[in-house]
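So the structure is just underneath, and the comments pick up after that.
Derivation of every value follows stated rules applied to the coordinates shown; laboratory data play no part. Predicted model, so just to flag it, every value in this text is computed and none were measured. Neighbour counts run over all protein chains shown; Cβ positions are idealised from the backbone, glycine included.
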Amino acid sequence: METPLLPGFEAQVLEETPEYQVIQDTSGRIKRIFRDRPSLAMPTYLQHAVACEADWRDNVEHRLDPADPARWEGFEQGRAEIEAASAADAPPFWVYQGLIGGYMYLRNMFGPEGILYAFYDMPKLVHEIMAAWLNFQDLSLARIQSAYALDELAMAEDICYKAGMLISPAVWREFLRPYYVELIQRARQRQTRPLYVMLDTDGNADEAIPLYREAGFDAVSPCEVASGQEVVAIGEKYPDLVLFGGLDKRLLTDGADLSVLDRELERLLPAMFRRGGYAPTTDHGVPPDVPLVNYLHYREKILELDH
């Protein structure tokens with residue numbers, strides 16, 4: 001998820017060769033991307049928007065004004081559509097609001113290496129930037145919740161990799177926890193119905209789950225199999241934690257043996273359906289190399305096992 005900057009930095013091509021382009025994106029990051037697969041290969045990040053206090057003050061801070069009228073264009077139309085859907089003779093629906101999580105917000109600004117140095121070298125600045133995150137998210141949510149009640153806040157965080165968290169629990173508690181606690185408490189106080197708060201992170205979240213639970217989170221996605229996440233075991237350890245994902249997306253790819261997929265679904269789903277609090281999805285988005293016939297087989301198998 002991109003940092004909600006308005007106006008965003010100018011998206012522009014700074015350099016190009018037959019193989020790649022160097023671009024600036026709307027978050028102010030300068031990165032090298034492959035021309036033939038810009039959305040499928042990870043870019044190489046060359047520079048981020050914030051490296052010092054002056055960068056924050058001069059180039060970024062003013063772009064995080066939650067009251068900017070341009071942010072709310074179409075808001076009243078959206079509210080009317082939700083009200084009309086609520087009044088219609090239709091099944092209940094889920095009202096979801098996505099947010100950029102605190103770590104992803106900091107990482108987008110400083111870079112994954114730069115933010116590690118900033119925690120040590122510029123702690124006061126990091127706290128100021130997190131206070132701006134809290135202010136932006138809280139005031140935006142207050143306006144949204146004044147129009148309609150939410151069912152879920154989903155925090156795009158990506159704070160884990162294959163072996164665990166990208167920062168230590170101590171750093172998380174110092175620089176992220178206070179802002180999460182405050183935001184979630186305020187959001188829930190404005191609610192007229194329960195509000196679920198989801199941690200959305202790739203990688204192995206075993207270490208992260210108890211930390212986010214102590215800040216008020218009660219859902220986790222996508223329980224990535226390639227990093228050693230086992231959704232049944234997580235569900236047993238945290239019986240009141242809402243879980244999404246946990247199915248290895250690689251089992252659906254072109255050429256995969258669908259009998260292997262069937263056996264995995266037969267192992268996972270009965271246990272998770274008995275437990276409850278589980279949405280049967282792949283461990284991240286369905287990749288482009290999944291044929292439609294495989295995807296339909298997967299969905300039909302879920303319906304079969306849900307009876």
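General observations
- Near Val232, once Lys and Arg are set to +1 and Asp and Glu to -1 for all other residues with Cβ below 15 Å from its Cβ, the sum equals -3.
- Given charges at Cβ of Lys, Arg, Asp, Glu: the chain dipole, positive-most of Ala88, Val286, Ala219: Ala219
- Histogram of C-alpha separations across region 1-47, 10 Å bin width, %: 29, 54, 16, 1
- ³J(HN,Hα), Karplus 6.51/-1.76/1.60, whole Hz, each residue of region 285-300, x for Gly, Pro: x, 6, x, x, 8, 8, x, 4, 4, 5, 5, 5, 4, 4, 5, 5
- Panel order for Val95, Val290, by other beta carbons found within 10 Å of each beta carbon, from fewest to most: Val95, Val290.
- Restricting region 144-194 to trypsin sites (Lys or Arg not before Pro) in coil, as DSSP defines it, with at most 12 other Cβ within 10 Å: Lys162
- Pairwise FRET efficiency - Tyr96 versus Arg173, Cβ, R0 = 41 Å, nearest 0.05: 0.90
- Remark: spin-label model distance Arg274-Thr44 equals 5.2 nm, labels positioned 7 Å along the Cα→Cβ axis.
- Of (i) 32, 26, 21; (ii) 41, 22, 18; (iii) 27, 22, 20, the label for semi-axes √(5λ) of the Cα gyration tensor in Å derived from the coordinates: (i)
- Two numbers describe the Cα atoms of region 222-307: Rg and Dmax, which are 12.3, 37 Å.
- Of the residues Thr44, Val13, Gly28, the one whose Cα sits farthest towards the positive end of the charge dipole of region 1-47 is Thr44 (charges of +1 on Lys and Arg Cβ, -1 on Asp and Glu Cβ, taken about the Cα centre).
- Converting phi to 3J(HN,Hα) with the Karplus coefficients 6.51, -1.76 and 1.60 and the offset θ = phi - 60°, region 229-235 yields 6, 10, 5, 5, 5, 4, x Hz in sequence order, with x at every glycine or proline.
- Among Ser86, Ser221, the ranking by other beta carbons within 10 Å of each residue's beta carbon, starting with the fewest, stands as Ser86, Ser221.
- Per-residue ellipticity at 222 nm, computed for the chain from helices alone with -39500 (n - 2.57) per DSSP H run of at least four residues, works out to -12500 deg cm²/dmol.
- Cross-link reach is defined here as a Cα-Cα straight distance under 22 Å, omitting same-chain residues fewer than 8 places apart; for Lys162 the lysines meeting it are Lys237, Lys249.
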